[in-house]
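The values are calculated or read from the model by the stated rules, or taken from the named source; none is laboratory data. Bear in mind the structure is a predicted one, so any value in this text is a computation, not a measurement. Backbone-built Cβ (ideal geometry, glycine too); neighbour counts: all protein chains shown. In case anyone asks, the SASA skips ligands and DNA or RNA and just uses the protein heavy atoms, side chains included. Shrake-Rupley method; radii C 1.70, N 1.55, O 1.52, S 1.80 Å.
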Amino acid sequence: MQAGIIGLGLMGGSLGIALKETKMFKTILGYDNNSLHMQQALSLGLVDECVKFEEIVQCDVIFLAIPLDCVIDTLKSLPQIAKHTTIIDLSSAKANITRAIPDNIKKNYIGAHPMSGTEQNGPKAAVKDLFKNKIVILTDIEESGEFQVAFCKEIFIAIGMQIVKMPSSDHDKHIALISHLPHIISYALANTVLTQEKKEIILTLIGGGFKDMSRISKSSPIMWRDIIKHNRENVLESLELFLHQIHQAKNMIENKDYTNLQEWMKKANELQKFM
């Protein structure tokens with residue numbers, strides 16, 4: 001069997017490493033529209049061979065590890081594929097894609113979102129064991145073929161992931177809160193400091209708290225622009241919920257209501273019981 005990976009950045013490159021270790025596939029093929037990425041992926045041993053797009057679509061399983069705006073176009077541009085072919089999309093917003101899948105490949109398609117990643121990008125960011133002991137969310141699998149679902153589960157279990165299933169609409173709503181919103185907050189925090197007149201002095205003083213919260217502001221703006229675009233309504237709703245909490249804190253501080261501010265913080269401590 002052959003596996004094909006379209007997109008050889010952090011996610012696709014790390015997947016290449018993981019798939020090699022499973023020994024499930026005779027060959028791992030890669031494709032990226034950036035020729036430098038293909039050269040780097042080969043030199044780093046992330047894939048066995050880099051080929052043209054037309055060859056990738058002949059693989060038994062095709063992984064899409066590309067920006068969201070490219071996923072739908074890629075799905076629509078696929079030539080005739082074999083009935084048994086499994087297409088696994090790794091993007092982090094699903095509802096728009098589910099609605100746009102061409103009828104002729106609905107059974108071939110699996111929507112999967114590995115809950116793993118870093119703020120780095122490109123082939124050099126690939127990480128061994130990126131997926132190990134992490135959750136992967138499979139969406140709307142009742143619309144996919146039985147063979148494709150079973151094969152997809154076998155692959156993700158083989159690379160050490162735990163599987164959760166849910167509708168794409170629920171996925172997008174939940175992920176807006178725990179992934180998309182934190183990235184916007186991190187970008188906002190970074191920009192808040194960068195707009196200050198004495199930012200160079202401020203940045204010499206930073207400690208662990210700021211570093212932790214601003215770390216993901218290093219993430220790819222292109223990738224996150226696409227994610228937010230595709231999950232716009234849920235992201236806006238999550239921002240409203242967050243702003244409500246910020247306004248609560250602001251009002252308590254303005255009114256010197258430190259007793260309730262402490263209780264507000266204490267309530268937030270309870271989150272750790274669930275993690």
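Based on what the data block shows, is ILE88 touching a Ser or Thr at 6+ places or on another chain (Cβ under 7 Å) and under 30 Å from VAL235 (Cβ atoms)? Spell out how you get there, then give the answer.
Details: touching a Ser or Thr at 6+ places or on another chain (Cβ under 7 Å): no; under 30 Å from VAL235 (Cβ atoms): yes.
So ILE88 fails the test.
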Taking LEU271 and the conditions (1) free of Cβ contacts under 8 Å to residues at least 60 places away in the same chain; (2) surrounded by 12 or more Cβ atoms within 10 Å (Cβ to Cβ); (3) among the hydrophobic types (A, V, I, L, M, F, W, C), which numbered condition does it fall short on, given that it satisfies the others?
(2)
Select from the stretch 136-157 the residues that are among the β-branched types (Val, Ile, Thr) and either within 24 Å of ILE72 (Cα to Cα) or assigned to a loop (DSSP other than H, G, I, E, B) (or both) and list them in ascending order.
VAL136, ILE137, THR139, ILE141, VAL149, ILE155
Regarding the stretch 66-73, can at least one residue be identified that is open to solvent by 60 Å² or more (accessible area, probe 1.4 Å) and farther than 18 Å from PHE156 by Cα?
yes
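So, ILE201, is that one in a helix (DSSP H, G or I), in contact with a strand residue (DSSP E or B) (Cβ under 8 Å, 6 or more places away or on another chain), open to solvent by 50 Å² or more (accessible area, probe 1.4 Å) and β-branched (Val, Ile, Thr) or not?
Considered against the rule, which asks whether it is in a helix (DSSP H, G or I), in contact with a strand residue (DSSP E or B) (Cβ under 8 Å, 6 or more places away or on another chain), open to solvent by 50 Å² or more (accessible area, probe 1.4 Å) and β-branched (Val, Ile, Thr), ILE201 comes out as no.
When the stretch 223-244 is examined, which residues are found to be open to solvent by 100 Å² or more (accessible area, probe 1.4 Å) and under 19 Å from the mean Cα position of the chain (by Cα)? It would help to see each step written out before you state the result.
Here is the first cut: in the stretch 223-244, the ones open to solvent by 100 Å² or more (accessible area, probe 1.4 Å) are 225, 229, 232-233, 240, 244.
Matches in the stretch 223-244: ARG225, LYS229, ARG232, GLU233.
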Single match in HIS183, HIS247, HIS171 (criterion: touching a residue at least 24 places away in the same chain (Cβ under 8 Å) and either loosely packed, with under 14 Cβ neighbours inside 10 Å or out of contact with any strand residue (DSSP E or B) (no Cβ under 9 Å at 6 or more places or on another chain) (or both)):
HIS183
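Could you tell me how many of the residues in the stretch 115-165 are open to solvent by less than 40 Å² (accessible area, probe 1.4 Å), aromatic (Phe, Trp, Tyr) and touching a residue at least 60 places away in the same chain (Cβ under 8 Å)? Steps first, answer last, please.
Kept after step one, since they are open to solvent by less than 40 Å² (accessible area, probe 1.4 Å), are these residues of the stretch 115-165: 116, 119, 122-123, 125-126, 130-131, 136-141, 144-145, 148-149, 151-152, 155-156, 159-161.
Subset that is aromatic (Phe, Trp, Tyr): 131, 151, 156.
Filter again for touching a residue at least 60 places away in the same chain (Cβ under 8 Å), leaving 131, 151.
So the answer is 2.
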Condition broken by GLN2, with the remaining ones in (1) touching a Phe, Trp or Tyr at 6+ places or on another chain (Cβ under 8 Å); (2) in contact (Cβ under 8 Å) with a residue 40 or more places away in the chain; (3) open to solvent by less than 10 Å² (accessible area, probe 1.4 Å) satisfied
(3)
Open to solvent by less than 60 Å² (accessible area, probe 1.4 Å), within 30 Å of LEU90 (Cα to Cα), part of a helix (DSSP H, G or I) and touching a Lys or Arg at 6+ places or on another chain (Cβ under 9 Å), is that true of SER214?
no
Keeping to the stretch 98-114, report how many residues are touching a residue at least 60 places away in the same chain (Cβ under 8 Å), in a helix (DSSP H, G or I) and either open to solvent by less than 10 Å² (accessible area, probe 1.4 Å) or over 19 Å from PRO67 (Cβ atoms) (or both).
0
